Amino acid sequence: ALATEAAAVTVSTESLAEKLKQFNQNVTIVPNVLSEFPWFAPLNKSVEVPELILEAPAHLLKVLYMGNPTHTEDLAMIRPVFERLRKEGHPVQLFVIGGEPETQESDTNWYQRLVVSSEVQQYPDFVRWFRSIASRCDLGIAPLVDTEFNRCKSNLKFLQYSAVGLPSLCSDIPPYSNVVHQNLDGILVE
């Protein structure tokens, strides 16, 4: 109803624009970009980094995943991989920010959840916190189950990982296959 009655609708991707044109013909695509100040300014303000990250052994490959509750299936998709890595004795630990509702009762012994505290709820504070965590990690992952909904998402996670200098492992579907140059600025995986 909002899209139908709106004078204009802005979205971040072409695929989402196509979906919304059935409700409103005045759809404008404004691609996601990162704001310079929170993402690229020097980190001059102290940020408390979770002990889970600080106490992780140096030899451990620290993998970071950031999502929201719409990513529950994406997180579930990678579970067998991390369980197999653990079973085979590989020194790897997945750290998850979001990805599924925090109230969800689930078996999360295959990853470490990093809880977003009330002190970092505001966007600039969250970005500083995320950048501090990411600086202690080795790899960022962006898994997406190949669904119509996910194909309408933007490449924001890849942009965020790139901004903090994390190599990115992304699902080989749009939005990532549209921007990642294989083995140059990221790795695309089926």
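If you sort Met77, Met66 by accessible surface, 1.4 Å probe, largest first, the order is Met77, Met66.
Just to be sure I understand: with springs between alpha-carbon atoms less than 10 Å apart, which residue in Asn26, Asn68, Asn155 has the highest mean-square fluctuation in the Gaussian network model of the chain? Answer for the Gaussian network model of the chain: Asn26. Hydropathy at least 0.0 by Kyte-Doolittle, axial extent at least 15 angstrom from the Cα trace: which helices of the chain, defined as entire DSSP H runs, fit? Helices meeting the span and hydropathy rule in the chain: none at all.
For the set Glu119, Glu83, the ranking by accessible area, highest first and with no ligand, DNA or RNA atoms included, is Glu119, Glu83 under a 1.4 Å probe. Taking every protein chain into account, the 1.4 Å probe leaves Leu139 with about 40 Å² of accessible area, to the nearest ten. Taking only protein heavy atoms and a 1.4 Å probe, the accessible area of region 1-136 is 55% carbon and sulfur. Classification of region 65-190 by its C-alpha gyration tensor yields a rounded form. The axis ratio a/c (a ≥ b ≥ c) stays under 1.5. Accessible surface calculations at 1.4 Å, restricted to protein heavy atoms, place region 100-190 at 51 Å² per residue.
Express the C-alpha Rg of region 1-89 as a ratio against the empirical globular expectation 2.2 N^0.38 Å, rounded to two decimals. Spell out each step's value before the answer.
Details: Rg = 20.5 Å, N = 89, 2.2 N^0.38 = 12.1 Å.
Ratio of Rg to 2.2 N^0.38 Å for region 1-89: 1.69.
Build a GNM of the chain with springs between Cα atoms under 10 Å: which of Pro174, Pro50, Pro42 gets the top mean-square fluctuation? Among Pro174, Pro50, Pro42, the largest mean-square fluctuation in the Gaussian network model of the chain belongs to Pro42. For Glu55, the accessible area of its heavy atoms, probed at 1.4 Å with every protein chain present, is near 130 square angstrom.
Once you reduce region 1-16 and region 133-184 to the center of their Cα atoms, the two points are 24 Å from each other. Take every Cα pair under 8 Å whose residues are at least 6 apart in sequence, average their separation, divide by the length of the chain, and the relative contact order is 21 percent. For the chain, lysine pairs with C-alpha atoms less than 22 angstrom apart, excluding pairs fewer than eight positions apart on the same chain, total 5. Summing +1 for each Lys or Arg and -1 for each Asp or Glu among the other residues whose beta-carbon sits under 13 angstrom from that of Val180 gives -1. Note: region 50-91, Cα convex hull, 77 Å³ per residue. Farthest towards the positive end of the charge dipole of region 54-190, among the residues Pro91, Asn150, Leu114, is the Cα of Pro91, using unit charges on the Cβ of Lys, Arg, Asp and Glu. The string of couplings for region 23-39 from the Karplus curve (6.51, -1.76, 1.60, θ = phi - 60°) is 9, 7, 7, 9, 10, 10, 8, 10, x, 5, 9, 9, 5, 4, 4, x, 8 Hz, one whole number per residue in order, with x for Gly and Pro. Val180 contributes an accessible area of around 10 Å² to the protein surface, as traced by a 1.4 Å probe with all chains present. Neighbours of Thr13, meaning other residues whose beta-carbon lies under 12 angstrom from its beta-carbon, give a summed charge of +1 when Lys and Arg score +1 and Asp and Glu score -1.
The values are calculated or read from the model by the stated rules, or taken from the named source; none is laboratory data. As the structure is a prediction and not an experimental result, all values here were calculated from the model. Glycine also receives a Cβ, built like all others from the backbone with ideal geometry; neighbour counts cover every protein chain displayed. For the accessible areas, the whole protein counts, side chains as well, though only heavy atoms, and no ligand, DNA or RNA atoms are used. Shrake-Rupley method; radii C 1.70, N 1.55, O 1.52, S 1.80 Å.
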